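Here the structure comes first, spelled out in structure tokens, and everything after it is commentary.
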Amino acid sequence: MSTAVQFYCPVCFAGVAADERDAPCRVCGARAEEWQRRDYTERLIHALRHPNPEVRMGAIISLGNRRDPRAALPLAECALAHPIDVVQALAIVRALHTIPSAPERDTALDMIADHPARAVRRAVARMRGEP
């Protein structure tokens, strides 16, 4: 039994047929080879808006491993864009914890300190050393 692989445009995330992977996207016109020249952290940040939660989770983990302060605000925005995905939001708190102390990280934590999920709010408080 064969499982079909779904391909997406790297810019607009429109579904792409396997035989059209190397052609410009029919929706936005982007070309994959041009996208691949962008900074890797930028591509991971962009992946936080992907419709597939597994792709977002991979980007969250990778951004945490990279420890780049540029990722802090997009990570917080991702947590707020998907408020019912508590597992993802907790992974975002862990990723933020790995980023060195910076104004961007502090702002990101402020953004998600009032997250709808109690577990996320508590994780942020623990990270900040609050009771």
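The values are calculated or read from the model by the stated rules, or taken from the named source; none is laboratory data. Not measured: the values here are computed from a predicted model. For neighbour counting, all protein chains shown are included, and Cβ atoms are generated from backbone atoms with ideal geometry for every residue, glycine included. The area values use the complete protein model at the heavy-atom level, side chains included, leaving out ligands, DNA and RNA. Shrake-Rupley method; radii C 1.70, N 1.55, O 1.52, S 1.80 Å.
The number of residues in region 13-30 that are within 15 Å of PRO51 (Cβ to Cβ), part of a loop (DSSP other than H, G, I, E, B) and either open to solvent by 50 Å² or more (accessible area, probe 1.4 Å) or aliphatic (A, V, I, L, M) (or both) comes to 3. Anything in region 98-123 that is assigned to a helix (DSSP H, G or I), within 22 Å of ARG49 (Cβ to Cβ) and in contact (Cβ under 8 Å) with a residue 24 or more places away in the chain? List them, or say none. Result: THR98, GLU104, ARG105, THR107, ALA108, LEU109, MET111, ILE112, VAL120. Does region 91-102 contain any residue that is touching a Gly at 6+ places or on another chain (Cβ under 9 Å), surrounded by 13 or more Cβ atoms within 10 Å (Cβ to Cβ) and within 22 Å of PHE13 (Cα to Cα)? Yes, region 91-102 contains a residue that is touching a Gly at 6+ places or on another chain (Cβ under 9 Å), surrounded by 13 or more Cβ atoms within 10 Å (Cβ to Cβ) and within 22 Å of PHE13 (Cα to Cα).
Just checking, how many residues over region 103-131 are small (Gly, Ala, Ser) and open to solvent by 50 Å² or more (accessible area, probe 1.4 Å)? Count: 1.
For region 40-64, filtered to residues that are assigned to a loop (DSSP other than H, G, I, E, B), in contact with a helix residue (DSSP H, G or I) (Cβ under 9 Å, 6 or more places away or on another chain) and not aliphatic (A, V, I, L, M), the residue that is least open to solvent (accessible area, probe 1.4 Å) is HIS50. Would you check if ASP68 is among the acidic types (Asp, Glu) and in contact with a Ser or Thr (Cβ under 8 Å, 6 or more places away or on another chain)? In short, yes.
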